[in-house]
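A.B. asks: Here it is: the structure, laid out below.
The values are calculated or read from the model by the stated rules, or taken from the named source; none is laboratory data. Note that the structure is predicted; figures quoted are calculated from it, not measured. Note: ideal-geometry Cβ built from the backbone for every residue, glycine included; neighbour counts use all protein chains shown. Heavy atoms of the whole protein, side chains included, go into the accessibility calculation; ligands, DNA and RNA do not. Shrake-Rupley method; radii C 1.70, N 1.55, O 1.52, S 1.80 Å.
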Amino acid sequence: MVKVGLTGGIGAGKSEVSRLLASYGAVIVDADKIAREVVEPGTPGLAAVVEEFGDGVLAPDGTLDRPKLGGIVFSDPEKLKALNAIVHPLVGARSAELEASAGPDAVVVHDVPLLTENGLAPLYDLVVVVDAAPQTQLDRLVRLRGMAEDEAKSRMAAQATREQRLAVADLVIDNDGPLEALEPQVRAVWERLRTD
């Protein structure tokens, strides 16, 4: 088994790289997806978030109001730290379960947005960073995701810098260009992972 950490700043295109790797046969362990699962209604994770941040972070249907919670934590490092202390252990436990269920010859790609911030690089055989210039990230967040520019900048500022991410990278995928330029790079990374 090859354990790969895949990361990149918000808007860098990590999800597209993850999708391509899955299409080649990688087992994807998506930390964001798991982070949503561990705070679904009825879970201990959601109960702990409500206890920490109050009922105001719940939508009328009882689900977590992610944009509202995001507005609270992404502008306050201490509140973000409190949220991470609740969610990260739950995500780690579920990720370990998924990895354990992959076969011995699998390439297991852990899609982890906050890999650099949380010092997780040593947990993986290789770290792949999807890189894009901050201006490219900002443009994608505003133009493609419809975020307000100040919200996009706040989310980018809450993450590691481009330099910090590149410092932990074993392999870098440059995603500053068009989508057509991405696939050949991801294919080359996949071939490398299959031979490691």
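A.B. asks: Residue pairs, Cβ under 7 Å, 6 or more apart or interchain, first in the stretch 170-183 and at negative phi, second polar (S, T, N, Q) and in a helix (DSSP H, G or I). List them.
C.D. replies: That search, which allows pairs on different chains as well, returns I173/Q185; D174/Q185; D176/T136.
A.B. asks: For the stretch 184-195, does any single residue satisfy the condition of being buried (at least 18 other Cβ atoms within 10 Å of the Cβ), polar (S, T, N, Q), in a helix (DSSP H, G or I) and at pLDDT 95 or above?
C.D. replies: The answer is yes, given that some residue of the stretch 184-195 is buried (at least 18 other Cβ atoms within 10 Å of the Cβ), polar (S, T, N, Q), in a helix (DSSP H, G or I) and at pLDDT 95 or above.
A.B. asks: I've got another one for you. Return a yes/no flag: does the stretch 137-154 have any residue that is open to solvent by less than 70 Å² (accessible area, probe 1.4 Å) and at positive phi. Please lay out each step first, then the result.
C.D. replies: Within the stretch 137-154, the subset open to solvent by less than 70 Å² (accessible area, probe 1.4 Å) is 137-142, 146-148, 152, 154.
In the following step, the residues that additionally are at positive phi were identified as 146.
Yes.
A.B. asks: Give the residues of the stretch 147-179 that are out of contact with any Phe, Trp or Tyr (no Cβ under 7 Å at 6 or more places or on another chain), closer than 28 Å to K3 by Cα, of a type in the set (A, V, I, L, M) and part of a loop (DSSP other than H, G, I, E, B), sorted by residue number.
C.D. replies: A160, V168, A169
A.B. asks: Further, regarding this structure: Going by the structure shown, is P67 modelled with pLDDT of 90 or more and part of a helix (DSSP H, G or I)? Explain how you work it out, then say what you get.
C.D. replies: Numbers: modelled with pLDDT of 90 or more: yes; part of a helix (DSSP H, G or I): yes.
Yes; evaluated as a whole, the condition is true for this residue.
A.B. asks: Being crowded, with 19+ Cβ neighbours inside 10 Å and either without any contact (Cβ under 8 Å) to a residue 12 or more places away in the chain or more than 29 Å from V142 (Cα to Cα) (or both) narrows it down to one of G45, G54, so name that one. Give the derivation first.
C.D. replies: On the way: G54 fails: crowded, with 19+ Cβ neighbours inside 10 Å.
The match here is G45.
A.B. asks: Go over the candidates L179, L166 one by one and state the one that is under 18 Å from E117 (Cβ atoms), of a type in the set (A, V, I, L, M) and open to solvent by 60 Å² or more (accessible area, probe 1.4 Å).
C.D. replies: Working: L179 fails: under 18 Å from E117 (Cβ atoms).
On inspection, the qualifying residue turns out to be L166.
A.B. asks: Considering only residues that are surrounded by 15 or more Cβ atoms within 10 Å (Cβ to Cβ) and out of contact with any helix residue (DSSP H, G or I) (no Cβ under 7 Å at 6 or more places or on another chain), which ones fall in the stretch 77-91?
C.D. replies: Result: N84, H88.
A.B. asks: Related question: Among residues belonging to the stretch 17-42 that are among the acidic types (D, E) and in contact (Cβ under 8 Å) with a residue 60 or more places away in the chain, point out the one that is surrounded by the fewest Cβ atoms within 10 Å (Cβ to Cβ).
C.D. replies: D32
A.B. asks: When the stretch 57-74 is examined, which residues are found to be surrounded by 15 or more Cβ atoms within 10 Å (Cβ to Cβ) and closer than 19 Å to Q159 by Cβ?
C.D. replies: Correct list: L69, G70, I72, V73, F74.
A.B. asks: Take the stretch 107-133 and flag every residue that is open to solvent by 50 Å² or more (accessible area, probe 1.4 Å) and either on the phi > 0 side of the Ramachandran plot or at pLDDT 95 or above (or both). Steps first, answer last, please.
C.D. replies: Keep residues of the stretch 107-133 that are open to solvent by 50 Å² or more (accessible area, probe 1.4 Å), which gives 117-119, 122-123, 125.
G119, P122, D125, listed by residue number.
A.B. asks: Any residue in the stretch 46-62 that is among the aliphatic types (A, V, I, L, M), closer than 30 Å to A169 by Cα and part of a loop (DSSP other than H, G, I, E, B)? Steps first, please.
C.D. replies: In the first step, residues of the stretch 46-62 are kept if they are among the aliphatic types (A, V, I, L, M); the result is 46-50, 57-59.
Pick out the ones that are also closer than 30 Å to A169 by Cα and you get none.
No: the stretch 46-62 contains no residue that is among the aliphatic types (A, V, I, L, M), closer than 30 Å to A169 by Cα and part of a loop (DSSP other than H, G, I, E, B).
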